[in-house]
1. Can you find, within region 79-127, the residue that is farthest from the chain's Cα centre (by Cα) among those that are in a strand (DSSP E or B) and small (Gly, Ala, Ser)?
2. For the structure I just gave you, tell me whether residue 32 is over 23 Å from residue 127 (Cα atoms), in contact with a Pro (Cβ under 6 Å, 6 or more places away or on another chain) and open to solvent by less than 70 Å² (accessible area, probe 1.4 Å).
3. Please state which one of 2, 11, 20 is open to solvent by 30 Å² or more (accessible area, probe 1.4 Å), among the hydrophobic types (A, V, I, L, M, F, W, C) and closer than 14 Å to residue 90 by Cβ.
4. Can you tell me which condition residue 66 does not meet? The list is (1) open to solvent by 40 Å² or more (accessible area, probe 1.4 Å); (2) closer than 12 Å to residue 123 by Cβ, and all the others hold.
5. Looking at region 32-42, which of its residues are in contact (Cβ under 8 Å) with a residue 12 or more places away in the chain and either among the acidic types (Asp, Glu) or assigned to a loop (DSSP other than H, G, I, E, B) (or both)?
6. Contact list please: Cβ distance under 9 Å, first residue in region 10-31 and aromatic (Phe, Trp, Tyr), second residue surrounded by 13 or more Cβ atoms within 10 Å (Cβ to Cβ), pairs at least six apart or on different chains.
7. Among the residues of region 69-78, are any over 17 Å from residue 40 (Cα atoms), within 10 Å of the chain's Cα centre (by Cα), open to solvent by less than 40 Å² (accessible area, probe 1.4 Å) and not polar (S, T, N, Q)?
8. If we keep just the residues of region 35-52 that are small (Gly, Ala, Ser) and either under 10 Å from residue 92 (Cα atoms) or in contact with a helix residue (DSSP H, G or I) (Cβ under 9 Å, 6 or more places away or on another chain) (or both), which is surrounded by the fewest Cβ atoms within 10 Å (Cβ to Cβ)?
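The values are calculated or read from the model by the stated rules, or taken from the named source; none is laboratory data. Treat the numbers as computed from the prediction; the structure is a model and nothing was measured. Glycine also receives a Cβ, built like all others from the backbone with ideal geometry; neighbour counts cover every protein chain displayed. Surface accessibility is based on the protein's heavy atoms, side chains included, excluding ligands, DNA and RNA. Shrake-Rupley method; radii C 1.70, N 1.55, O 1.52, S 1.80 Å.
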Amino acid sequence: QLLLVESGGGLVQPGGSLRLSCAASGFTLEHNAIGWFRQSPGKEREGVSCISSSGGSTNYADSVKGRFTISRDNAKNTVYLHMNSLKPEDTAVYYCATDPTAQEDQCVIIERWYDYWGQGTQVTVSS
């Protein structure tokens, strides 16, 4: 079967850090741009970050720029989102998704371009 699984979420205090993982099984992520998105109750899903298939290009939402870092390890078929200086407004379910159509050195944090999604991992930032 084909699986895309997020992990690493949990409860963290404001100012803390978490590392989310997005691991693929049954297919390779090597030729896909990968995006991270998040959704809070009552809100639309929003783009957080993306990384190109080559790893050479990344983009971040203004709300997380300077605090979050996206990376990938194609040998492990995994993409990561390192989240630092977390704020309560970062609380959400975080999803990773694939964009197989993106150019090697391009990615966009626009939901409609992504075709395959994981089930999400909960991140709660609270004191």
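1. Among those that are in a strand (DSSP E or B) and small (Gly, Ala, Ser), it is 92.
2. Details: over 23 Å from residue 127 (Cα atoms): yes; in contact with a Pro (Cβ under 6 Å, 6 or more places away or on another chain): yes; open to solvent by less than 70 Å² (accessible area, probe 1.4 Å): yes.
In short, yes.
3. Only one candidate qualifies: 11.
4. (2)
5. 32, 40
6. Going by the 9 Å Cβ cut-off, the qualifying pairs are 27/4; 27/77; 27/98; 27/116.
7. Among the residues of region 69-78, at least one is over 17 Å from residue 40 (Cα atoms), within 10 Å of the chain's Cα centre (by Cα), open to solvent by less than 40 Å² (accessible area, probe 1.4 Å) and not polar (S, T, N, Q), which makes the answer yes.
8. If we take residues in region 35-52 being small (Gly, Ala, Ser) and either under 10 Å from residue 92 (Cα atoms) or in contact with a helix residue (DSSP H, G or I) (Cβ under 9 Å, 6 or more places away or on another chain) (or both), then 40 is surrounded by the fewest Cβ atoms within 10 Å (Cβ to Cβ).
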